[in-house]
């Protein structure tokens with residue numbers, strides 16, 4: 001069976017599975033982006049097996065991991081660009097050159113990071129709603145990981 005078809009075989013059997021899957025996706029809003037989905041995954045893998053909750057928890061963990069890595073990369077690039085251009089302006093003895101070099105890069109990276117944050121927040125809200133409704137939801141970027 002195609003992997004996307006397997007997602008629809010992962011239907012929750014009761015309301016507690018839908019709530020657990022929604023909480024796994026809501027972990028970032030509760031300041032527990034890894035701990036909460038991991039705890040839910042462990043519980044619904046070992047103690048009360050549920051393929052639906054396990055899949056949704058893995059999707060949430062991987063999505064939050066990717067967001068953390070992307071945020072670290074954005075932050076590092078922003079700091080390096082900002083301070084690198086500042087040091088270059090000191091070496092060139094021109095603070096106005098620094099302003100012309102640093103601000104467009106800093107603002108550009110900040111806008112991209114802000115748009116990425118808005119997009120990821122919307123994706124997480126949609127995931128929480130879909131999980132609460134008991135519908136299988138495949139997180140963008142993560143894809144079908146967690147199906148097996």
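Per-structure values
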item: Extension gain from residue 135 to residue 45, taking 0.36 nm per residue of separation minus the Cα-Cα distance; result: 30.5 nm
item: Cut-off 15 Å (backbone N to label point 7 Å along Cα→Cβ of residue 69), residues of segment 99-143; result: 140-143
item: Sorted by Cβ neighbour density within 10 Å, fewest at the top, the residues 16, 72, 50; result: 72, 16, 50
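Every number here is computed from the coordinates shown, using simple stated rules; none is lab data. Worth saying up front: this structure is predicted, and the values here are computed from it rather than measured. A quick note on method: Cβ atoms are made from the backbone with ideal geometry, for glycine too, and the neighbour counts reach across all protein chains shown.
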